[in-house]
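Enquirer: Below: one structure in structure tokens.
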Amino acid sequence: MSAVIMAVGLASLAACSGDDDGLTEADLIPVKGYALSAGMSTIYSTSSFAYDSEAEWVTGTLKTRFNRGDKLYDDARTSSNGYGGGLGPVYAGYSCGSCHRNAGRTKPALWESAEGSGNYGFSAMLCYVTRKNGVFFQNYGRVIHDQAIYGVQPEGKVHVTKHYQTFEFPDGETYELCYPEYSITDWYADSIRPEDLFCSVRIPLRHVGMGQIMALDPNEIEALARKSNYPEWGISGRCNYITERGKRQLGVGGNKAQHADLTVELGFSSDMGVTNSRYPEEICEGQLQMQEGSMMGLTYDQLDISTEDMEDVDLYLQCLGVPARRNVNNTTVRQGEQLFYQAGCHLCHATTLHTRNRGTTLLNGTQLPWLGGQTIHPYSDFLLHDMGSEIMGVGLNDNYVSGLARGNEWRTTPLWGIGLQETVNGHTYFLHDGRARNFTEAILWHGGEAEASKNKFKNMSRDERKALLRFLKSL
């Protein structure tokens, strides 16, 4: 990053910084450069728009398209055809921003319910379903669409029963873990027996660093997989490979690294029922909802969104800035950083990666060379790791296969920007389904290859644990 951009960034930070840590310019002096989370795409916002602001290099025509993509991302779609239409007949979200508020993670309504009874309107969650042999249900597909336009029946309603258990750190401090048990009622067609069903519920991912993730150097990720073998820690990461657009590629996106691109077209289709050039059929093609939608006046003879519009959304996502680290010179934060390394967290949450020189190419051919040749600090190796262990009689195995990823394998979650999630979205639900209600619970749900690191954390003193959490808050 140039000195000019750094100076502008620090000045804007000083102007907007109002958090209770009292940030100053001195707090942003990089430690080994790690404050610059995404090279020249690093931004200096600590506000609720910290995930939803463009990088400094987004100007001119790019800025115009960025703003248009932002609008398409946020605006609620309707059940009418034409511009802004295409929603339904069934859907999971009414816009991208409905699940990704401010490009983050909308507060999951299912978890907010005290009883977890599912008495909610819009859930901001996805529920993936398969038979126990891995086959999809003919009348439902891969996702339960729990929302529908007026006059049409949703595919089903998801419910959660929460189970709690109290544990104790070796120093006597107690903590509680919450395990969710999901069920589905109000099936629109076949009533699936629980013993025949696997369901995996997901809360939204943060859309932080999407452009940098798309620009990752695949050779570096594959090299990490070859070197990611630490028998003393029980760690051995591996790549996921998937076939998209007829090409076998390295997966880096999604909870299980099951995507090689940002799946903008898939998101419009699967989440909102918006037909497009890549997915021209309605998501409920052949289901009763198609007839119900026709009775409501819907027609299905045109695509609901153009490829050009989708590329503007793709551009918006890839041009978003990544928040700089905060308080990097704070004594407690630096202590927590050392404990992060001592616990072996960095062996999966890799600190430093690089983007390939050419940057990225968007879904309709636009190139973004500004994303190329950058040193970034995502705190992830983007590899699959076994996270399953027996905690409260269960683990993180969701029995859902994605590409080469088994049910107990998950992509290492990038941690950049994680310390601002509460500011941006008003909650601290973590992990794939939000079962972790804070940083401590997120760590303590780690098992499998992360068991040794989790035990290191458990055996730290109370002050050391607080320091490590303060470090996570700085990311």
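Values in this text are rule-based calculations from the coordinates and carry no lab data. Source: prediction; values computed, not measured. Reconstructed Cβ throughout: ideal geometry from the backbone, glycine too, with neighbour counts over all protein chains shown.
Enquirer: Which lysines have a Cα less than 17 Å from the Cα of Lys454, not counting those fewer than 8 places away in the same chain?
Expert: Cross-link targets: Lys466.
Enquirer: Using a 7 Å offset from the Cα along the Cα-to-Cβ direction at both Thr185 and Phe167, what is the distance between the two label points in nm, to one decimal?
Expert: 3.2 nm
Enquirer: Can you classify the chain as rounded, prolate or oblate using the Cα gyration tensor, where a ≥ b ≥ c are the square roots of its eigenvalues, rounded means a/c under 1.5, and otherwise it's prolate if a/b beats b/c and oblate if not? Present the calculation step by step, with values, prior to reporting the outcome.
Expert: On the way: a/c = 1.68, a/b = 1.21, b/c = 1.38.
It is oblate, given that a/c is not under 1.5 and a/b is not larger than b/c.
Enquirer: May I ask you to evaluate 6.51 cos²θ - 1.76 cosθ + 1.60, the Karplus curve with θ = phi - 60°, for each residue of the range 359-371 and list the ³J(HN,Hα) values in order in whole Hz, giving x for glycine and proline?
Expert: Result, rounded to whole Hz: x, 10, 10, 6, 5, 10, x, 5, 9, 10, x, 4, 7.
Enquirer: Rounded to whole Hz and in sequence order, give me ³J(HN,Hα) for the range 188-205 from the Karplus expression 6.51 cos²θ - 1.76 cosθ + 1.60, θ = phi - 60°, writing x for Gly and Pro.
Expert: 6, 10, 5, 8, 7, 6, x, 6, 9, 10, 10, 10, 10, 9, 10, 8, x, 7
Enquirer: Does the range 435-475 classify as rounded, prolate or oblate by the C-alpha gyration tensor (a ≥ b ≥ c root eigenvalues; a/c under 1.5 gives rounded; else a/b over b/c gives prolate, otherwise oblate)?
Expert: On the way: a/c = 1.87, a/b = 1.22, b/c = 1.53.
It is oblate, given that a/c is not under 1.5 and a/b is not larger than b/c.
Enquirer: Please say if the range 49-101 is rounded, prolate or oblate, where rounded means a/c under 1.5 for a ≥ b ≥ c the square roots of the C-alpha gyration tensor eigenvalues, and otherwise the choice is prolate for a/b larger than b/c and oblate otherwise?
Expert: Numbers: a/c = 4.92, a/b = 1.86, b/c = 2.65.
Here the range 49-101 falls in the oblate category.
Enquirer: Something else: Which GluC sites (Glu not before Pro) from the range 183-268 combine a DSSP loop assignment with at most 11 other Cβ atoms within 10 Å?
Expert: Details: sites: Glu195, Glu220, Glu222, Glu232, Glu244, Glu265; in loops: Glu232.
Passing both the DSSP loop test and the Cβ count: Glu232.
Enquirer: Okay, next question. How long is the gain from Leu266 to Thr78 if the chain were fully straight, where each residue apart is worth 0.36 nm and the alpha carbon distance is subtracted? Please report the intermediate quantities before stating the final value.
Expert: Working: separation 188, 0.36 × 188 = 67.68 nm, distance 1.81 nm.
Difference between extended and current length: 65.9 nm.
Enquirer: Which distance in Å, rounded to a whole number, links the C-alpha centroids of the range 51-108 and the range 290-311?
Expert: Going from one Cα centre to the other spans 18 Å.
Enquirer: Which longest run of the chain has no exposed loop site in it, a site being trypsin sites (Lys or Arg not before Pro) in a DSSP loop with at most 11 other beta carbons within 10 Å, and the site itself not part of the run?
Expert: Values: sites that count: Lys32, Lys132, Arg245.
The reported range is 246-475.
Enquirer: In whole percent, what relative contact order does the chain give with Cα contacts below 8 Å and a gap of six or more residues?
Expert: Values: 999 pairs, mean separation 100.9, N = 475.
Relative contact order here is 21 percent.
Enquirer: With n ≥ 4 as the cut-off for DSSP H runs, can you work out [θ] at 222 nm for the chain, using -39500 (n - 2.57) per run divided by the number of residues, rounded to the nearest 500?
Expert: Details: 13 runs with 117 residues, N = 475.
Only helices count here, giving -7000 deg cm²/dmol.
Enquirer: Right, here's the next one. Working out 0.36 nm times the residue gap between Tyr175 and Gln302, then minus their Cα-Cα distance, what length gain in nm do you get to one decimal?
Expert: Working: separation 127, 0.36 × 127 = 45.72 nm, distance 5.40 nm.
That pair, Tyr175 and Gln302, stretches by 40.3 nm at full extension.
Enquirer: Here's another thing I want to ask about it. Note the full-extension length gain between Ala223 and Ser294 as 0.36 nm times their separation in residues minus their Cα-Cα distance, in nm to one decimal. Could the numbers behind the result be given before it?
Expert: Working: separation 71, 0.36 × 71 = 25.56 nm, distance 5.24 nm.
In short, 20.3 nm is gained.
Enquirer: Which of the aspartates and glutamates could a cross-linker bridge to Lys71, judged by Cα under 15 Å and excluding same-chain residues fewer than eight apart?
Expert: Counting by Cα, and skipping residues close in sequence, Lys71 has these aspartates and glutamates nearby: Asp52, Glu54, Glu308, Asp309, Glu311, Asp312, Asp314.
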